[in-house]
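Rule-based calculations on the coordinates, nothing more; no lab input. These numbers were taken from a predicted model, which means no experiment stands behind them. Here the Cβ is made from the backbone with ideal geometry for all residues, glycine too, and neighbour counts use every protein chain on show.
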Amino acid sequence: MSEKEKDINIITLGECGVGKTSIIKRIRDEAFDKEEPTTEFVFSFFNIKKPYKKLNLTMNLNYHDTAGQEKIISSLPKRYIRNSHIVLLVFSNIQTLNVIKDRWYKYYKENANIDNSRFILIGNKSDIFGDERDEIIKQGNMFAEEIDAHFMTCSAKSDDNLDNVQRYIETEAKRFIDDEISRGISRDSIDCQSFRITRNQRKSHCCNN
Ligand SMILES: Nc1nc2c(ncn2[C@@H]2O[C@H](COP(=O)(O)OP(=O)(O)O)[C@@H](O)[C@H]2O)c(=O)[nH]1
Ligand SMILES: [Mg+2]
């Protein structure tokens with residue numbers, strides 16, 4: 001067991017009904033079928049610990065779900081957005097992809113506190129894409145490129161590709177930590193229970209470069 005720990009907050013964003021909670025439940029069930037739960041499942045939050053061997057630290061992957069508050073965007077707690085490191089932008093068809101573009105991504109950018117968050121754009125319900133499939137893949141890839149995200153499709157219903165989604169989240173978590181280090185934030189500062197690096201500290205690091 002490594003001594004250092006790093007919290008990585010993962011949130012879901014997207015329209016009501018696109019399958020955010022279903023994806024999160026799949027990830028949780030998958031993890032806890034195979035491992036001991038590290039923290040109890042509290043409402044719309046759970047935690048999975050994963051080692052990052054290269055840096056000899058443990059990543060606390062903290063999964064948060066919107067729990068229905070996304071019906072009224074303004075009722076979504078700002079703190080939910082503010083300290084997120086990895087954002088799962090979830091849609092299920094062209095219409096809900098457009099709402100990600102027009103509303104959720106902008107809302108995130110306006111309220112986020114962490115300027116190097118990583119995005120994963122997820123086209124869920126691949127089992128019922130139907131005639132829209134090609135267009136979803138085309139537009140999904142285009143938007144992902146625009147916002148420097150990774151695009152994936154999956155089905156929380158049939159469990160198709162959820163293992164890859166989970167693996168990619170882990171990869172992004174490692175990239176996030178690597179990025180912090182390459183931006184000049186020392187490894188010692190990673191030894192924290194919560195993310196304590198402020199925006200100003202971050203800016204001063206940038207200016208020193
Ligand atoms: N066909 C299909 N239905 C899904 C899939 N994922 C979720 N659903 C269904 O879509 C509805 C909304 O899912 P939910 O996870 O509550 O969406 P949320 O509001 O974004 O959290 C539920 O009836 C789910 O069973 C999927 O991959 N395929
Ligand atoms: Mg939900």
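Assorted remarks:
- Measuring against 28 Å, Cα to Cα, the residue pairs K54/K78; K53/K109; K4/K106; K53/K78; K6/K78 contain K54/K78; K53/K109; K4/K106; K53/K78 as the ones spanning a longer distance.
- Per-pair calculated FRET efficiency, R0 = 30 Å: D134 and K109 via Cβ, rounded to 0.05: 0.55
- Residues Q95 and E146, FRET efficiency given R0 of 22 Å [Cβ-Cβ distance, rounded to 0.05]: 0.75
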